[in-house]
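Only one structure is covered here, and it is reproduced in the block below.
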Amino acid sequence: QRKEKTMMSLHGISKSGRRIISSCSVIAAFILILLGMNNVLMVAGEGIPLLHKSILTRTDVSNQAALALDLRDMALSCKGKKVNDAEDIYMNGKNSPRVDRFGGPTEKKRTLAHVISDEGDPARNLAYTWAMLGLAENRDSSSPIEFSFTENAGNNDILIRSMFTSAALNDNDVDQCMLAVEAAVAFQLFMHTSFELWDSLHDCAVSSVVGYNFKADSLHDNDNGALAIDEFIAYWVGAETDSDPNGFALYNLAQIAGNNWNTLDINQQPKAHSNIRLLYEEAAGLALSQEGACTSSNTKTVPHLWSLANRIQSQMYIPLIQNLLAAFYEKDVDRVNIYSHAIIPQMVQCPKSKYQKIKEMMLELSPDLDAINPPYISMVQEFYECLGLTCADIGAYKTDKIPMCGEIPKKLPLAQYQPTSNVLQQSKIDLDIFQMHNLMMVEHSITAWDFAEYYYKYGKNSIIDKETMEVRSLQSIATTNRRKTAVPFFELFEGYFNDPNYADTKIIDTLNGKGKWADAPRSTKRAIIEITLQAQVLFMYVLSELADTVKDCNNKNPNDNDNNANSLDEVAAYLIGFLEGHLRGGSNDGILHWNLAGKRAKNFDTVRRDPYIAVANDDLEDLLFAGQGELRVLDCTDLQLTVDRIIANMLIPLYQSILFYADINEDVPAFQGTPNGNSEIHVEDSIAKGEAFAYSMLPALAAASPESAKLVHDNMITVRGIKPVKDKAQGVADALASTLNYYKLSCVDIGILDDADICRNYVAEKSPQKTMSNSTCSTWTIWYGMTIVSLFTVWFLDL
């Protein structure tokens, strides 16, 4: 079992340095082509030219490229009304012989019908994992998702064979037979090409393990000793012939779509392919060929390949999306069916409610293509940002048939909070957590959890610099030195855990089956990881951003951040997130602090009914607007007061969560750790969740009252053989109540549960300082007051 332990470390390189590295990467890629790759590490055979010699592979993948000739011969059989011959080539292969890794002949041929399952573990293919998750029946539940990667590999094959059968029964219908060939490209060839892309990452990660024998490395553990990344480009481009210069593979599909959507480059090649070719050259020519690549001494190769693979995969989606939208416009039912099944399941990476809707309308029901103003095209367009694409990437269909869509506004509202700067990329950090969550839902797959670890360590969705493609990772947030500015909280947490990277240690250990929860079920581990990310990693980072807000104010530079972002807007981005959407109150798709506050408000009846929104979130939005006004006019004294109120507000759902799980776990028996049939300990997930939330507050509680913190610890932290919540939920409520005044909160802010009334023994300060959560009047007074001040200032300056 491979466990990659390295961490991307780009933060020590200046932004200008990263731009130089990025520019040099592209230049070096072209130099490597011109030099014929003489200095590139090759083991088995010379590379081959592809696509009119515009691509030179590093290893011999001629047999892999020849699989495209099967598609040529299938099409010829269809046109000759020989459907059975076309299906025979599909099932048994014809042109692509298989050899062993040393080039020795075998009796087997590659077949499009079995290419997914025959050439490796499908679970190593991230695109295939998304497809299986997207089609899972219990996708809407919180239960783990179980499916067999190998058994499900044949689902699309069944659909293709049914097309051949239909063509044969319909007098060898040419059009229906050609549809089956096209489906073989969109389903089978696309998915296997994706497999080789991700297999190149897997091979490198295995070779990077400490103590691995590089001389027999897994980089070349493929047919004829080929690099998996070379196999990828061979399947993407395919072998061409003089009569068909564009070949018959995915490149040809992209070429036709590019013509229709006006997305060709100056060389009349699809821009998607041009981008893929450059990224391939960077992967094969730099990442895999640099000295010490894919060894334990080079910790940068795996994260580099992770980034490249994600960007290549996004480009591969383009022709599938273009063909789906074109099919909608042309009311082509057959191609709507093909391309819906090819691309819609990939959208499971995106906001849950949107995916459920598009899945139901396009996969579970039959789209009504004759409806007036059908919503399908606009629905697909909503997924571009999540899939790493833009409207310009897709283009406009036949110039004006489907106009190019509009890009997402740079200052997109966050749950109706209107930022003054572009913090879209900061807000997309929640997509990393959400996609980790989906991958950790998969049972019985080591690889799915490996991918989740890549998301955590290297990031994907939250881009810092589009020129260098530097990405913000959750691990970088969990370990950054900026947390030291979160006074006094970081010092409290570091001292309590005796570890400056306390949250990162917990997450990495849990991902890799170490530490306290090593033998726990995956659902328990998933809960620990997700709550730690939400309530510890991002919580501390937001505190540092709040400190930075005041610092920027004092320095009279509110936008002294990445891409000139306003520091308070960044706070909103990390508290609310991209998934909440732009409407007031947010959505059920969120996964950050805002969503947690909304859930707990329902549990503790701390909601406002008009509109229906958590009191804590309503107040938080007002505080953000108030702080925005204060920052704009550089009123740093009042801004500090607002920041203090935001911090107190952030504690409310954490208090509520501890109490919520104390109430649930009061009736849970002692944790014995008895192994079950799967050699895993039996533990209620609620115990793990209660512990994770307790750890997110214990250092802060200890600062307010060591005695109360000890009682919370003894009741909420799991110890084998000791019953949880031994002092009852009310005892925990009383302990929490004794710390509220310290953080300028009242019991009314928290609310009550039937069996745990935090107000029962709460003693308020004689002259409590009113907080924003118990004084709506104060909230609106500050917000409106600062707005008036801001408007007056602007008017005065204009004079």
Of the residues that sit in segment 415-440 and are open to solvent by less than 10 Å² (accessible area, probe 1.4 Å) and among the aliphatic types (A, V, I, L, M), which one is nearest to ILE531 (Cα to Cα)?
ILE433
In segment 699-742, the residues that are among the hydroxyl-bearing types (Ser, Thr, Tyr) and open to solvent by 30 Å² or more (accessible area, probe 1.4 Å):
SER738, TYR742
Being outside any loop (DSSP other than H, G, I, E, B), under 21 Å from VAL61 (Cβ atoms), in contact with a Pro (Cβ under 7 Å, 6 or more places away or on another chain) and touching a residue at least 40 places away in the same chain (Cβ under 8 Å) narrows it down to one of ALA309, ALA254, ALA283, so name that one.
ALA254
Conditions (1) within 20 Å of the chain's Cα centre (by Cα); (2) modelled with pLDDT under 95: number failed by HIS593:
(2)
Find all pairs meeting these conditions: Cβ atoms under 9 angstrom apart; at least six residues apart or on different chains; first residue within segment 379-392 and more than 14 Å from ILE358 (Cα to Cα); second residue small (Gly, Ala, Ser) and open to solvent by less than 40 Å² (accessible area, probe 1.4 Å).
LEU387/SER314; GLY388/SER314; LEU389/SER314
Residues of segment 348-378 satisfying the condition of being surrounded by fewer than 16 Cβ atoms within 10 Å (Cβ to Cβ) and free of Cβ contacts under 8 Å to residues at least 40 places away in the same chain
LYS357, GLU360, GLU364, LEU365, SER366, ASP368, ASP370, ALA371, ILE372, ASN373, PRO375, SER378
May I ask you to verify whether GLU530 is surrounded by fewer than 23 Cβ atoms within 10 Å (Cβ to Cβ) and closer than 25 Å to GLN356 by Cα?
yes
Out of segment 747-763, which residues are open to solvent by 20 Å² or more (accessible area, probe 1.4 Å) and closer than 15 Å to ALA648 by Cβ?
VAL748
How many residues does segment 293-309 contain that are open to solvent by 10 Å² or more (accessible area, probe 1.4 Å) and out of contact with any Gly (no Cβ under 7 Å at 6 or more places or on another chain)?
7
Can you name every residue in segment 475-501 that is open to solvent by less than 20 Å² (accessible area, probe 1.4 Å) and under 25 Å from LEU701 (Cβ atoms)?
ILE477, ALA478, ARG483, ALA486, PHE489, PHE490, PHE493
Please go through (1) open to solvent by 10 Å² or more (accessible area, probe 1.4 Å); (2) at pLDDT 95 or above; (3) within 20 Å of the chain's Cα centre (by Cα) for ILE312 and return the number of the only condition it doesn't satisfy.
(1)
Taking the condition open to solvent by less than 50 Å² (accessible area, probe 1.4 Å), more than 16 Å from LEU324 (Cβ to Cβ), in contact with a Leu (Cβ under 6 Å, 6 or more places away or on another chain) and in contact (Cβ under 8 Å) with a residue 60 or more places away in the chain, does PRO345 pass?
no
Just one of the numbered conditions (1) open to solvent by 50 Å² or more (accessible area, probe 1.4 Å); (2) touching a residue at least 12 places away in the same chain (Cβ under 8 Å) is not true of SER243; which one?
(2)
Going through segment 327-341 one residue at a time, which ones are open to solvent by 10 Å² or more (accessible area, probe 1.4 Å) and part of a helix (DSSP H, G or I)?
PHE328, TYR329, GLU330, VAL333, ASP334, ARG335, ASN337, HIS341
Candidate set: segment 89-107, residues that are open to solvent by 80 Å² or more (accessible area, probe 1.4 Å) and without any contact (Cβ under 8 Å) to a residue 12 or more places away in the chain; chosen: the one farthest from ASP157 (Cα to Cα):
PRO105
Please tell me if GLY459 is surrounded by fewer than 23 Cβ atoms within 10 Å (Cβ to Cβ) and either touching a residue at least 24 places away in the same chain (Cβ under 8 Å) or within 30 Å of TYR329 (Cα to Cα) (or both).
no
Could you list, in sequence order, all residues of segment 588-599 that are part of a loop (DSSP other than H, G, I, E, B) and either surrounded by 18 or more Cβ atoms within 10 Å (Cβ to Cβ) or touching a Phe, Trp or Tyr at 6+ places or on another chain (Cβ under 6 Å) (or both)?
ASP589, GLY590, ILE591, LEU592
Just to be sure, is ASN566 among the polar types (S, T, N, Q) and surrounded by fewer than 22 Cβ atoms within 10 Å (Cβ to Cβ)?
no
Return the residues of segment 257-280 that are assigned to a helix (DSSP H, G or I), open to solvent by 30 Å² or more (accessible area, probe 1.4 Å) and farther than 18 Å from LEU50 by Cβ; say none if nothing qualifies.
ASN259, ASN260, LYS271
Do the conditions hold for ASP465, that is, is it in contact with a helix residue (DSSP H, G or I) (Cβ under 8 Å, 6 or more places away or on another chain) and crowded, with 22+ Cβ neighbours inside 10 Å?
no
Name the pairs: first residue in segment 52-74 and farther than 9 Å from ALA234 by Cβ and open to solvent by less than 30 Å² (accessible area, probe 1.4 Å), second residue polar (S, T, N, Q) and in a helix (DSSP H, G or I), Cβ to Cβ under 8 Å, at least 6 apart or on different chains?
THR59/ASN224
Does VAL336 count as touching a Pro at 6+ places or on another chain (Cβ under 7 Å) and closer than 24 Å to GLN188 by Cβ?
yes
Residue within segment 671-690 that is at pLDDT 95 or above and either open to solvent by less than 10 Å² (accessible area, probe 1.4 Å) or not in a helix (DSSP H, G or I) (or both) present:
yes
Among the residues of segment 495-522, which ones are of a type in the set (Lys, Arg), under 22 Å from TYR455 (Cα atoms) and modelled with pLDDT under 95?
LYS514, ARG522
Residue that is surrounded by the fewest Cβ atoms within 10 Å (Cβ to Cβ), among those in segment 569-586 that are over 19 Å from THR532 (Cα atoms) and more than 18 Å from the chain's Cα centre (by Cα):
LEU583
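The values are calculated or read from the model by the stated rules, or taken from the named source; none is laboratory data. In this text, all values refer to a predicted model and were calculated from it rather than measured experimentally. Every residue, glycine as well, gets a Cβ built from its backbone with ideal geometry; the counts of neighbours run over all protein chains shown. When the accessible area is computed, the model is the full protein with side chains, heavy atoms only, and any ligands, DNA or RNA have been set aside. Shrake-Rupley method; radii C 1.70, N 1.55, O 1.52, S 1.80 Å.
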